[in-house]
1. Top mean-square fluctuation among 54, 242, 123, Gaussian network model of the chain, C-alpha springs under 10 Å?
2. Pick out, from 244, 160, 75, the residue whose Cα sits farthest towards the positive end of the charge dipole of the chain, with +1 on the Cβ of Lys and Arg and -1 on the Cβ of Asp and Glu.
3. Given a Förster radius of 41 Å and the C-beta distance between residue 162 and residue 62 as r, what FRET efficiency does 1/(1 + (r/R0)^6) yield to the nearest 0.05?
4. Just to confirm a number: summing +1 for Lys and Arg and -1 for Asp and Glu over residues other than residue 60 whose beta-carbon lies under 12 angstrom from that of residue 60, what do you get?
5. What helices does the chain hold that run 18 Å or longer along their axis, going by alpha-carbon atoms, with a Kyte-Doolittle average of -0.5 or more, using DSSP H for the helix calls?
6. Once the principal axes of the Cα atoms of the range 73-222 are found, what is the range along each, listed largest first in whole angstroms?
7. Which of the aspartates and glutamates could a cross-linker bridge to residue 272, judged by Cα under 15 Å and excluding same-chain residues fewer than eight apart?
8. Using +1 at the C-beta of Lys and Arg and -1 at the C-beta of Asp and Glu, which of 171, 182, 198 has the Cα lying farthest in the positive direction of the dipole of the range 149-203?
Amino acid sequence: MSLSNAVEVNSHLKEVPVYSLKGEVLKTRDLSRIFAIPYRPDVIRRAVLAALANRRQRYGTDPLAGKRTSAEDWGTGRGVARIPRVKGHGSQSSGRGAFAPNTVGGRKTHPPRAERSFTEKINKKERILAIKSAIAATANPILVEARGHLVDDVLYLPLIVEDKLEEITTTKQAKEVFESLGVLVDSEERARRRMSKYRAGKGKRRGRRYQRARSFLVVVSKKNNILKAAKNLPGVDVVDVNSLNAVDLAPGGHPGRLTVWTESAVDVIMQKYFEKEG
């Protein structure tokens, strides 16, 4: 089945199982209203790029960089280029060009300016639609697998877990739970593949030698102990459902991130985005 037809799979999610921490089915819930939203990769990508642009920090050069000199041009009639030259008599620097963009130590031609704004605006309804569509994409095995996640051992998509997951306090407990749910292998494998390569460019000289692969996402109802328990797992992110955005659900603008939901988080999603619509 192609990605264009992937949305049709979600329309059959009438009874979604809710799992315990040991991977046992506790009950089933009808969540088709949440996970049957049309797949809109164009809107998702626009929301992600807008969010990333709004996070950029402004930067610029010193306005006087390359201009702290008394160099002046010699005028005409000397048979030399009319560029500013360092003043002096008999010194080695006498006659050396300065200040101009084409000289050593001179100013830049078009330097970056701190006044430039990188912000991008996006309509509120469009941003909400992107979040809804990205949520639905997490329930589609075709999109999740196309993004590179390992879904063979995952119990079910969407993966809903009881609220006891939020009470976990140690990384050891978190690893045991995620292993029983079938998602831990994705974290280990993606981290292993990514850690074998150096980052390109100057970033590797600034404490970021290896790129950090994005593994599965854990969405909880509120900030609690699971945030500290899972942060040591490579590539795993834990986010409060009230802070959930398109960047978390679709890193890089690519929908279909493997996601673990707590039951309370799903209830908040229903109240926040769907009950107001009636």
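Read-outs throughout are calculated quantities, based only on the coordinates presented, and are distinct from any laboratory measurement. These figures come from a predicted structure and were not determined experimentally. Methodologically, a virtual Cβ is constructed for each residue, glycine included, from the backbone with ideal geometry; neighbour enumeration extends over all protein chains shown.
1. 123
2. 75
3. 0.15
4. Value of the local net charge: +2.
5. Details: long enough: 41-55 (21 Å, 0.37); 124-137 (20 Å, 0.29).
The answer, listed by residue number, is 41-55, 124-137.
6. Each principal axis gives a Cα extent; for the range 73-222 these are 85, 40, 30 Å.
7. Within reach: 240, 263.
8. It is 198.
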